[in-house]
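The structure is given below, and queries will be raised subsequently.
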Protein chains: 2
Amino acid sequence: MIKAEIISIGSEILRGQITDTNANFIAKKLVELGIDLEHISAVSDNPESLLSTLKLALQRSDLIITTGGLGPTEDDITYQTIAQTLNLKLKKYPEAEKNLKRILKKINKTISPSNLKQIYLPEGVKIIINQHGTAPAMILEKDNKIVCSFPGVPHEMKNLIEENLIPYLKEKFPPSIIKKSKILKITGLGESSVNELIRDYINKQTNFSFGIYANPEDIQVQVTTQAPTEKEVEKLLQSSVNQLTKILDNYVYGSNEETIEEVVGNLLKTKKLKIAVAESCTGGMMGEMITRIPGSSEYFQGGVISYNVRVKENLLKVPSEVIKKYGEVSRQVAKLMAEGAQRCCHSDIGISITGIAGPGGATKKKKVGLVYMALADGKKTINQKHQLFGNRQLIRLRSARRALNMLRIYLTEK
Amino acid sequence: MIKAEIISIGSEILRGQITDTNANFIAKKLVELGIDLEHISAVSDNPESLLSTLKLALQRSDLIITTGGLGPTEDDITYQTIAQTLNLKLKKYPEAEKNLKRILKKINKTISPSNLKQIYLPEGVKIIINQHGTAPAMILEKDNKIVCSFPGVPHEMKNLIEENLIPYLKEKFPPSIIKKSKILKITGLGESSVNELIRDYINKQTNFSFGIYANPEDIQVQVTTQAPTEKEVEKLLQSSVNQLTKILDNYVYGSNEETIEEVVGNLLKTKKLKIAVAESCTGGMMGEMITRIPGSSEYFQGGVISYNVRVKENLLKVPSEVIKKYGEVSRQVAKLMAEGAQRCCHSDIGISITGIAGPGGATKKKKVGLVYMALADGKKTINQKHQLFGNRQLIRLRSARRALNMLRIYLTEK
């Protein structure tokens, strides 16, 4: 199995001026091709650093993909340094010169001496003409190693890799074995609880590898496996996913790229139900999440952001006596908020959130992170109380997600 | 001068599941400290890869900062591997145990065997207790090298680095020359317009370097300069910022870490004014942004998410004839929404947004990206019409930011 390595070249990455998002794009592509990526490095435009990084990469990897350092300025040194590392000469490529002239003409610029630099590449490469910019890319095979270079400008890099590198790699390394992953998305459980629950199962498996990742929003379990055919991989993956879903039960809300708002939206569409929200500490976050989904107008009526007590009273019709007696952050008020939203927005379901997101607002009995939520469907009202952890924004995010998850469970059980 | 290196640990980076944004944060901090960063590497959770990466880093760098791999699961191997690389034993740290118990108690969980792993660190380290999570961080000095490890969870890593690593490095390596940057945040102008406006000024400067960066939300102009003392740097920076602010006028809404919702919040507090929102296509996004600011209850009353036409009619009292005549996305409806929000939430100001975020919903006359917004103060109502660019989420984000900027300009001119 070949080992791949990505090198991102550019002092702007090391100075913190830009985040290297190119490596992430390429990493995803390599996963799809079943190619193992063991290293990602970022180096400055310093020739010595680049030289030593390239030498090391040639020792430990078979396929080296560089991005950046192909521009017209002095500090763009990728091709010179690759030539030096591999003992190759630089050569002028006429097809690159032609493209350079075409592009400069398009933007009404004449060729400058610094531009000319961009048409010299190491000898013997497969040159890749860049339709969207002046820097050509290349693929170079030497001594059983492959070195390829792409521009650092994300959209140029992406186009050139999609159209040239991917087909090249597919042909060069027809996957003898197909490797695929599936991600299970979990909410309402912490990383260590997920780990405890599935550890026994994981330890018994030999055909799969597993990863558990904690995000601010959820926990993800990734299952990876391989087999000679697509069909077998899918079958294997599905069997493991089914097992895991059985163990993790209703904590699993979706898979792969699915989001909780998407899952909830699909359930509402299928069941032809409409919802409305009443949000205090989240200030509109749940509504914002729901409306990220195109077509959410089919099931989302709207709602009330009842940040101030008067809005709770006037729009949601929560009686001021109840608020005085139990406080704005209470089970009773959450219940009446949900019922109020359901009524005033003419929806089937109303969901509410009221809590203390902090840093201020806590009392002796009610701590930062205390959140009440409720779901009213016109017949009954469900309540939840949570003591959440994190800073203000995380408590808000977790509240909105918990409330959407309460809705999801209500809809799946209904 | 010492050489620094960042190692980001986690298979999720190499599998393309997440973009490594931690390295960017640390790189920025090192620039501020005048410390040279030559390498950033990302490695998988594979023990051999991590071991060889650490060994190489110890050869070529003086200061090694790792993030990630400190969690409770089997594939979190940072501390074991650092101990192995440096021939150190792992030791139980009671202060880490105490913090672990405190955090688990807070979220009503008992200690599990996998959690216990997190309290073993290499012997002889300066342990850093993590107030926001179960993984402790550390700084380790050995043989003239410094190795420090921080969690991969961004907000935990940021807090721990700000509060512990930065002060430590400042004391250990007092900078001989001080280099600082300031960022001006601009909204309502494109990157090339900003460039045109300030180009003449920039070209005349010799003591400063400038960068113009385009984000989905705004344009940022970064000014960088250096001098032997903090005071001189500040003075130089301020003079340039003043010049730029003069040129860019009311398009500048803030500087450095300031956000538009923070700037608007401060203006509302100073002027003792209360606002309410009425949101259609943004679905609660503007309310969510406003309530990110702790203490926003002082000036934010709440509002109505009027996604469905019935919510516009019932809660905001927009007459159905007006909606029928002009359509939900119209200047007239935006005006009545803002006035409705101001009235029904008992606020001084009401702001509204109604638009077509897409991909569906466009008509021959009203294209995706058409957004109307209004601001009502009980006496007069201001209107704006925008034709915005981007996908659904970008159009929504830009709408919310434009509306907040309309409020900002209203408040500064008032």
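From other protein chains only, count the Cβ atoms within 10 Å of every residue's Cβ in B:290-303, then give the mean.
Values: counts 4, 13, 6, 2, 8, 3, 2, 8, 0, 0, 4, 7, 17, 11.
Partner Cβ neighbours, averaged per residue: 6.
Can you give the FRET efficiency for B:LYS324 and B:GLN384, using 1/(1 + (r/R0)^6), R0 = 25 Å, r = Cβ-Cβ distance, to the nearest 0.05? Mind showing how you got there, number by number?
Numbers: r = 23 Å, r/R0 = 0.93.
The calculated FRET efficiency here is 0.60.
For chain B, give the magnitude of the charge dipole about the Cα centre (Cβ charges: +1 Lys/Arg, -1 Asp/Glu; no others), in debye to the nearest 20.
Values: 58 positive and 44 negative charges, 343 e Å.
Its charge dipole is roughly 1640 debye.
While we're looking at this one, here's another question. Consider a paramagnetic label point 7 Å from the Cα of A:ASN250 along Cα→Cβ; state which residues of segment A:374-410 have an amide N under 12 Å from it.
Output list for this probe position: A:383, A:405-410.
With the dipole of segment A:178-255 worked out from charges on the C-beta (+1 for Lys and Arg, -1 for Asp and Glu) around the Cα centre, which of A:PHE210, A:LEU236, A:GLY188 lies farthest toward the positive end?
Ranked along the dipole, the leading option is A:LEU236.
What nm distances, shortest first, do you get from the label point of A:LYS269 to those in the other copies when the point sits 7 angstrom along Cα to Cβ?
In ascending order, 4.3 nm.
Let me ask something else about it. What order do you get for B:LEU244, A:LEU394, A:LEU37 when you list them from fewest to most C-beta neighbours inside 10 Å?
Numbers: B:LEU244 22, A:LEU394 18, A:LEU37 26.
Exposure proxy ranking, most exposed first: A:LEU394, B:LEU244, A:LEU37.
Something else about it: Counting Lys and Arg as +1 and Asp and Glu as -1, what is the net charge of the other residues whose Cβ lies under 10 Å from the Cβ of A:SER320?
Numbers: positive: A:ARG310, A:LYS312, A:LYS324, A:LYS325; negative: A:GLU313, A:GLU321.
The answer is +2.
Using a 10 Å cut-off on Cβ to Cβ distances, tally the other chain neighbours for every residue of B:82-88 and report the average as a whole number. Please report the intermediate quantities before stating the final value.
Numbers: counts 0, 0, 0, 0, 0, 0, 0.
Going residue by residue through B:82-88 and averaging, the value is 0.
If each label sits 7 angstrom from Cα along the C-beta direction, how far apart, in nm, is A:LEU116 from its counterparts in the other copies?
When each copy's label point is compared with this one, the spacings are 7.2 nm.
A follow-up question, please. Kindly put B:GLU156, A:GLU257 in sequence by how many other C-beta atoms sit within 10 Å of each C-beta, fewest to most. The partial results should precede the final answer.
Working: B:GLU156 21, A:GLU257 8.
Placing the least packed residue first, the sequence is A:GLU257, B:GLU156.
Related question: For labels at B:LYS317 and A:THR73 in the simple 7 Å Cα→Cβ model, what's the distance in nm?
Here the answer is 5.9 nm between the modelled labels.
A further question on this structure: On the principal axes of its Cα set, how long, how wide and how thick is the protein assembly as shown? Give whole Å, largest value first.
81, 65, 59
Please work out the Cα center distance from segment B:96-110 to segment A:183-207, rounded to the nearest Å.
When both Cα centres are located, 21 Å separates them.
Which log10 I(q)/I(0) values does segment A:260-413 give at q = 0.11, 0.14, 0.17 Å⁻¹ under the Debye formula, counting every alpha carbon as one identical point scatterer?
At q = 0.11, 0.14, 0.17 Å⁻¹ the computed log10 ratios are -0.36, -0.59, -0.88.
Average partner chain C-beta neighbours within 10 Å, per residue of A:272-285?
Working: counts 0, 0, 1, 0, 4, 4, 2, 7, 3, 2, 4, 16, 16, 8.
Averaged over the peptide's residues, the number is 5.
Label-point separation (nm) for B:LYS204 and A:LYS98, each offset 7 Å from Cα along Cα-to-Cβ?
Each label point is offset 7 Å from its Cα along the Cβ direction, giving 4.8 nm.
While we're here: Need the list of aspartates and glutamates near A:LYS272 for cross-linking: C-alpha distance under 18 angstrom, and skip anything on the same chain fewer than eight residues off.
The qualifying aspartates and glutamates are A:GLU261, A:GLU262, A:GLU298, A:ASP348, A:ASP377, A:GLU413.
Would you work out which of B:LEU54, B:GLN118, B:LEU169 lies farthest towards the positive end of the dipole of segment B:3-172? Charges go on Cβ: Lys and Arg +1, Asp and Glu -1.
B:GLN118
Kindly identify segment A:3-172 as rounded, prolate or oblate by the Cα gyration tensor criterion: order the square roots of the eigenvalues as a ≥ b ≥ c, call it rounded if a/c is under 1.5, otherwise compare a/b with b/c, prolate if a/b is larger, else oblate.
On the way: a/c = 1.41, a/b = 1.36, b/c = 1.04.
Taking the square roots of the gyration eigenvalues as a ≥ b ≥ c, segment A:3-172 is rounded.
A further question on this structure: What is the pair-distance distribution P(r) of chain A, computed from all Cα-Cα distances in 10 Å bins starting at 0, with each bin given as a whole percent?
With 10 Å bins starting at 0, P(r) equals 4, 18, 20, 17, 17, 14, 8, 2, 0.
Let me ask another. Based on Cα coordinates alone, diagonalise the gyration tensor for segment A:178-255, multiply each eigenvalue by 5, take square roots, and list the semi-axes in whole Å, largest first. Display every interim value, and only then the final one.
Details: eigenvalues 93, 31, 23 Å².
Equivalent ellipsoid semi-axes, largest first: 22, 12, 11 Å.
Return the whole-Å distance between the Cα centroid of segment A:370-410 and the Cα centroid of segment A:252-290.
That distance is 12 Å.
Would you mind listing the distances between the B:ILE202 label point and the same position in each other copy? Use 7 Å along Cα-to-C-beta, nm, one decimal, shortest first.
4.9
To the nearest 20 debye, what is the magnitude of the charge dipole of segment B:178-255 about its Cα centre, counting +1 on the Cβ of each Lys and Arg and -1 on the Cβ of each Asp and Glu? Mind showing how you got there, number by number?
Numbers: 9 positive and 9 negative charges, 61 e Å.
Computed charge dipole of segment B:178-255: roughly 300 debye.
Given bins 5 angstrom wide, list per bin the percent of all Cα-Cα distances in segment A:198-328, short to long.
Histogram of Cα-Cα distances, whole percents per bin: 2, 8, 14, 14, 12, 12, 12, 9, 7, 5, 3, 2, 1, 0.
Using a Förster distance of 45 Å, how high is the FRET efficiency between A:ILE177 and A:LYS106, based on the Cβ-Cβ distance and rounded to 0.05?
0.50
Only the coordinates and a few stated rules stand behind these numbers; no lab work does. Predicted, not measured: the structure shown is a model, and the values here were computed from it. When we count neighbours, we look across all protein chains shown, and the Cβ atoms used for this are built from the backbone with ideal geometry, even at glycine.
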